[in-house]
Amino acid sequence: MRPRTTTRVSLTAMIGAPVTDAKGNVRGRLKDVAVATGAEAGRVAGLVLKTRAGLRIVSSEQVMETPAGTLELRSPQALVELKGDENYLFLQQDLIDRQIIDIHGRKVVRVNDVDLEWLGHGSVHLLRVAEVEVGLRGAVQRIFKGVLPRQTLESLSRKVAARGIPWQFVDVIEVDPARRVKLKIEHERLGEMHPSELAEILADLAPAEREAIFGSLDEEVAAETLEEVDPKLQKALLEGMDDERIADIVEEMDPGAAADLLSELSHEQSEAILEEMEPEERHEVEELLEFHEDSAAGRMTTAYVALPHEATVADGVEAIRNFDGDAEAVTEIYLVDDKDVLKGMVPLARMMLAQAVSHLSVLTEARVLSAKAEMHQSDVAELFDKYNLRSLPVVDVEGRLVGVVHAEQVISFLLEKM
């Protein structure tokens, strides 16, 4: 069995190369490389040739690279007309000079070139995409192609450090929704990123690309990401979306963050979005919208865990299991009476170390700090700093628990002041 060999070549070097038949007759020149998407992402489906009869495509299995650097057709009959309705991603047309997302590096980059590999096994030669070049080497190859002899250019480019992204870490951005569906381009791996990383990526994209990516996220991921961006970008991300879609996203947001978002929109749009929301979520957000944004209530969330004063540790564990909000944000459980008046606060760590039958009331902090709903956010920040708090319950004039301010809300406020 003959050994398997690998030869790497850049897309820039290939484009324009003559394609001949076995007798050396030129049948066309390479115009582009068609790549499969979806489950077969990265497989070179065919080579696009510019011929006298128009554009033709041939399977990469029907083409081999010659020692002279030209491309040779195994069978001229393998050339078929390129109709334009094929489900292919074209490397030259769709990738070069375009923005993509580097999943591994978690950033937006621009494509300067694409490296492909010829895989030889006996008489069979297959072509595949190896990686996308986003560094200076790709730019040099493109700028000086046709200006410098091929060997000189290859020698020059080898002196420039390569900066490639393996194809499996490339997330292609397609702004046309219909074509994105047709090409089966999905952004599942973006949903695995931290919302703050997604927010940074969206901020670095051009408006059309930003809209395409954000619109492809599911409601939960979109909501978490929206909470991480500034108000100006929030409004930009929602432009072009219908009120029903926005409502689906807002319902997944923390109520406090949702109220902050709606307060930045026009009254008409805010009302239209609220109208599309489910009654329970709408009621929570409408309550928060009544408070001044600079107050403790304006910074609080209504997503917290509160139990009757006579509850047990077992009740607390069950409440956390059934909590609809972000369970990781829960650091304390609050105890209230039958009128929702705050009676105590139990640190989560202390509760988890206690027996299941223990009453939470015996585990409460000796002193429970709270903030009045109308307290200014600057005073709230001072309380967090003075007592090294992780969260702070907010009560109304009658002492009833109405929400909780978490440390991240205070940090967000302080960053806004900088």
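Annotations for the structure displayed:
- In range of the label at LEU415: residues from the range 195-228 whose backbone nitrogen is under 11 Å from the point 7 Å along Cα→Cβ: 196-197, 199-200, 227-228
- Cα-based reach from LYS83 at 15 Å (exclusive), listing aspartates and glutamates while leaving out same-chain residues under 8 positions away: ASP32
- Relative contact order %, the chain, counting alpha carbon pairs below 8 Å whose residues are six or more apart: 9
- Computed from the Cβ-Cβ distance with R0 of 25 Å, the FRET efficiency linking LYS23 to LYS50 stands at 0.80.
- Per residue accessible area in Å² of the chain, where ligands, DNA and RNA are left out and the probe is 1.4 Å: 54
- Ordering TYR88, TYR334 by accessible surface, largest first, gives TYR88, TYR334; the 1.4 Å probe counts only protein heavy atoms, with every chain in place.
- Given the choices (1) 60, 22, 19; (2) 37, 28, 16; (3) 38, 23, 21, semi-axes √(5λ) of the Cα gyration tensor in Å derived from the coordinates of this structure is entry (1).
- For the chain, the fraction of 1.4 Å probe accessible surface lying on carbon and sulfur atoms is 48 percent.
- For the range 1-136, the extents of the C-alpha atoms along the principal axes are 48, 39, 30 Å, listed from largest to smallest.
- Gap separating the Cα centres of the range 328-360 and the range 51-124, nearest whole Å: 62
- Rough spin-label spacing in nm, given labels placed 7 Å along Cα→Cβ, for THR66 and GLU318: 8.1
- Under a 5 Å amide H cut-off, with hydrogens placed 1.01 Å from N, VAL63 pairs with ARG74 among residues at least 5 apart or on other chains.
- Reciprocal mean inverse distance between Cα atoms of the range 307-418 - Kirkwood radius, Å: 14.8
- Taking 7 Å steps out from each Cα toward its Cβ at ARG245 and GLU264 produces label points 1.9 nm apart.
- Set of aspartates and glutamates near LYS23 by C-alpha distance (under 15 Å), chain-local residues within fewer than 8 positions excluded: GLU65, GLU72
- For the range 216-259, the calculated P(r) over all alpha carbon pairs, in 10 Å bins from 0 to the bin holding the longest distance, is 30, 66, 4 percent.
- Multiplying the residue separation of GLU293 and ALA272 by 0.36 nm and subtracting their alpha-carbon distance yields 5.5 nm.
- The alpha-carbon of LYS159 sits under 28 angstrom from the alpha-carbons of these lysines, leaving out residues fewer than 8 places away in its chain: LYS31, LYS107, LYS145.
- Helical runs assigned H by DSSP (4 residues or longer) give the chain a calculated mean residue ellipticity at 222 nm of -9500 deg cm²/dmol, each run adding -39500 (n - 2.57) before division by the residue total.
- Note on ASP97 and SER358: the extension gain reaches 87.6 nm, defined as 0.36 nm multiplied by sequence separation minus the Cα-Cα distance.
- Here the calculated FRET efficiency for HIS104 and ALA161, from their Cβ-Cβ distance with R0 = 22 Å, stands at 0.80, rounded to the nearest 0.05.
- The mean sequence separation of alpha-carbon pairs under 8 Å and at least six residues apart, normalised by the residue count of the range 1-92, gives a relative contact order of 27 percent.
- Cα point-scatterer Debye curve for the range 81-196, base-10 log of I(q)/I(0) at q = 0.10, 0.12, 0.14, 0.20 Å⁻¹: -0.39, -0.55, -0.73, -1.20
- Radius of gyration (Cα atoms) of the range 331-389, expressed as a multiple of 2.2 N^0.38 Å: 1.30.
- Net length gained if the chain between GLU310 and GLU188 were fully extended (0.36 nm per residue, minus Cα distance): 39.4 nm
The values are calculated or read from the model by the stated rules, or taken from the named source; none is laboratory data. Please read these numbers as outputs of a predicted model, since none were measured by experiment. Methodologically, a virtual Cβ is constructed for each residue, glycine included, from the backbone with ideal geometry; neighbour enumeration extends over all protein chains shown. To get the accessible areas, we keep the full protein, side chains included, count just its heavy atoms, and leave off ligands, DNA and RNA. Shrake-Rupley method; radii C 1.70, N 1.55, O 1.52, S 1.80 Å.
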